[in-house]
1. Using the Karplus curve 6.51 cos²θ - 1.76 cosθ + 1.60 with θ = phi - 60°, work out ³J(HN,Hα) for each residue of the stretch 60-72 in order, rounded to whole Hz, and write x for Gly and Pro.
2. For HIS40, HIS52, HIS70, what ranking results if the residue with the fewest other Cβ atoms within 10 Å of its Cβ goes first?
3. If amide H atoms are built 1.01 Å from N in the plane of the peptide, which residues on other chains or at least 5 residues away come under 5 Å of the amide H of TYR12?
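Each reported figure results from applying straightforward, stated rules to the coordinates on display, with no laboratory input. All of these numbers come straight from a predicted model, not from anything done at the bench. Because the Cβ atoms are built from the backbone with ideal geometry, glycine has one as well, and the counts that use them run over all protein chains shown.
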Amino acid sequence: MHRFEYRQNCLYCEEVPVEAIAQSLGTPLYVYSLGTALDHFKRLRDAFQEVHPLICYSVKANANADLLRHLAKESVGRTWFPQERFIWR
């Protein structure tokens with residue numbers, strides 16, 4: 001499920017008006033929804049549960065440390081990635 005929605009022509013991300021975020025932090029900026037990212041990860045994981053998938057994520061696509069920490073915790077139950085799981089290209 002996406003956690004972005006419009007309410008009365010105002011974009012919200014997880015109950016927070018994006019305009020308020022922009023006013024507070026300035027622009028340009030990237031706004032991520034942790035809830036959306038985790039939901040998409042869980043859906044992917046659950047869809048392939050029978051085959052015990054190795055789900056990979058490209059840090060090059062998004063190096064947001066907080067997001068990566070949460071994805072790692074959700075995927076392997078801890079907040080670090082074993083070195084043997086890294087693929088350097």
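1. 4, 6, 6, 9, 5, 4, 5, 4, 4, 4, 5, 5, 5
2. Numbers: HIS40 13, HIS52 7, HIS70 17.
Arranged by neighbour count, lowest to highest, HIS40, HIS52, HIS70 become HIS52, HIS40, HIS70.
3. Result for TYR12 returns GLU5, TYR6, ARG7, VAL18.
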